[in-house]
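Report on the structure given below.
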Amino acid sequence: MLTTALKINPLLPTMAGALLLLSACDSSTGGGAAGDVDDSPAAIALLAPFTGFYDLQDDWNGQLGDEAFLIIETPGSDVISPASFYDFDDISNCVPITPSRGEVTKEPIKDLIFMDGIFQFNEAELTLSGNTLTIEFNDDADLDNDGSTFDRVSVTATKVGFSQVSDLGDSC
Ligand SMILES: [Ca+2]
């Protein structure tokens, strides 16, 4: 399975390496490793539950049958969780090789979780309830079709038991 993944996705070795590195960091934080910021361990503890693979509802962007996936990685010692957004190609039935990349962080003062850098979700705030992730963002593309691009909308995604990009499907 790994051989196939390496063949279809040249990004995977880098990603696997990064995940290994993050796992290594993860085990050391159990001992209360000091961060640059006093509240780093608390912030990492808030970010950690968001780690995972999320399947967005089929009509997340107002189009039935348009599936997408969001991957949030384990937060690093820099208190940032890298995020990748894969808008599944429902016509060719494949996963784009290059995702939209961003990062998930804790708001400096409040216990809010933000996601930046993924253009589909401008100024996004994330909340998690069980396995359901809610992404609230500025409706720049008028996904709710109310004629306004100045409103906030939200979509939900369900955490799924995937562990690598190749689990999402064949690469385009
Ligand atoms: Ca709107």
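Structure data summary
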item: Neighbours by Cβ (under 6 Å, 6+ apart or cross-chain): first from the stretch 142-162, closer than 20 Å to PHE114 by Cα; second of a type in the set (Phe, Trp, Tyr) and away from the ligand (no atom under 16 Å from the Cβ); result: ALA157/TYR54; LYS159/TYR54
item: Residue in the stretch 102-113 that is farthest from GLN57 (Cα to Cα), counting only those that are out of contact with any Leu (no Cβ under 7 Å at 6 or more places or on another chain) and assigned to a strand (DSSP E or B); result: THR105
item: Residue that is farthest from the ligand (Cβ to nearest atom) [pool: residues in the stretch 144-164 that are in a loop (DSSP other than H, G, I, E, B) and in contact with a Phe, Trp or Tyr (Cβ under 8 Å, 6 or more places away or on another chain)]; result: SER163
item: Hits in the stretch 121-143 (condition: within 16 Å of the ligand (Cβ to nearest atom) and in a strand (DSSP E or B)); result: ASN122, GLU123, ALA124, ILE135, GLU136, PHE137, ASN138
item: Selection status of SER84, exposed (fewer than 13 other Cβ atoms within 10 Å of the Cβ) and away from the ligand (no atom under 16 Å from the Cβ); result: no
item: Matching residues, the stretch 56-101, being under 18 Å from ALA124 (Cβ atoms), part of a loop (DSSP other than H, G, I, E, B) and in contact with a Leu (Cβ under 9 Å, 6 or more places away or on another chain); result: TRP60, ASN61, GLY62, GLU73, PRO75, VAL79, ILE80, PRO99
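No lab work stands behind these numbers, since they all come straight from the coordinates. This structure is a prediction, so every number in the text was calculated from the model and none was measured. Neighbour counts are summed over all protein chains in view; Cβ atoms, including those assigned to glycine, are modelled from backbone coordinates with ideal geometry.
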